[in-house]
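Trainee: One structure is given below, represented as structure tokens, and several questions about it will come after.
Just so it is clear, none of the values below were taken in a lab; they were calculated from the coordinates. Quantities reported herein were computed from a predicted structural model and do not represent experimental measurements.
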Amino acid sequence: MAKPLDVDELWTKRILQSVNGLEYGTVQIVVHDGRIVQIERTERKRFESDSASQRHLPEQKQHKRTL
């Protein structure tokens with residue numbers, strides 16, 4: 001039978017710090033033998049492509065840039 005998980009104030013603060021400011025991503029809490037041993041945070045950054053943002057602009061002359 002699984003042991004009940006005891007989350008003290010320190011781990012509660014750590015979990016909240018991991019979640020705060022996260023716009024896209026995941027927070028995983030790793031538990032071993034009924035105790036939290038690790039918090040993993042994976043943050044994603046989303047960027048619109050140039051062509052997607054161009055479609056939403058009012059019709060204007062688009063200048064091609066060459067390198």
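Trainee: In whole Hz, with x marking every Gly and Pro, tabulate ³J(HN,Hα) for segment 13-23 from phi via Karplus 6.51 cos²θ - 1.76 cosθ + 1.60, θ = phi - 60°.
Mentor: Each residue's phi maps through the Karplus curve to give 5, 5, 5, 4, 4, 5, 7, 4, x, 8, 8 Hz.
Trainee: Relative to the present Cα-Cα distance, how much length would full extension add between Lys3 and Val37 at 0.36 nm per residue of separation? The partial results should precede the final answer.
Mentor: Details: separation 34, 0.36 × 34 = 12.24 nm, distance 1.45 nm.
Taking Lys3 through Val37 to full extension adds about 10.8 nm, to one decimal.
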